[in-house]
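Asks: First the structure, then my questions, so here it is.
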Amino acid sequence: MQNPSHFSLARRLLFPYNGEDPLSTRQGVRVVLAWILVFSLPLSLLVLVLEWLKGAGGQEIIHSFVIAFLSGAFIFGPLSLLIVVMSNRAAHIRQAWKAQNGRS
């Protein structure tokens, strides 16, 4: 399997693990937080710019930004958690299969 340092920038940021070993809790949290920031922040900034161009007031701009960020977090957070859980399940299955069939 490839060394994580050889992955593309997007892969290193969003899921820099090889799939051979299950992710630790700390690694899983890192993946979830990275997904929340990488996907929610640009959407929120786009909403911020659109609200500003619309001529909205400061409080309305901040309100829209927070709502957009939280909406993205509630969408991409559970999605990334599902990916971490499924990746760990696949790694456990692969390890069990290797143990049963020998390390060839």
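Yes or no, residue by residue, for (1) without any contact (Cβ under 8 Å) to a residue 60 or more places away in the chain; (2) among the polar types (S, T, N, Q):
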{"site": "Tyr17", "(1), (2)": "no, no"}
{"site": "Thr25", "(1), (2)": "yes, yes"}
{"site": "Trp35", "(1), (2)": "yes, no"}
{"site": "Ser40", "(1), (2)": "yes, yes"}
{"site": "Leu43", "(1), (2)": "yes, no"}
{"site": "Leu53", "(1), (2)": "yes, no"}
{"site": "Ala56", "(1), (2)": "yes, no"}
{"site": "Ile67", "(1), (2)": "yes, no"}
{"site": "Leu81", "(1), (2)": "yes, no"}
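Asks: Moving to a separate point now. Can you find, within the range 58-104, the residue that is nearest to Glu20 (Cα to Cα) among those that are touching a helix residue (DSSP H, G or I) at 6+ places or on another chain (Cβ under 6 Å) and not hydrophobic (A, V, I, L, M, F, W, C)?
Replies: Ser80
Asks: From Phe39, Phe76, grab the single residue that is within 28 Å of Ile93 (Cα to Cα) and modelled with pLDDT of 90 or more.
Replies: Going through Phe39, Phe76 in turn, just one is within 28 Å of Ile93 (Cα to Cα) and modelled with pLDDT of 90 or more: Phe76.
The values are calculated or read from the model by the stated rules, or taken from the named source; none is laboratory data. Please read these numbers as outputs of a predicted model, since none were measured by experiment. In this analysis, Cβ positions are derived from the backbone assuming ideal geometry, glycine residues included, and neighbour counts consider all displayed protein chains.
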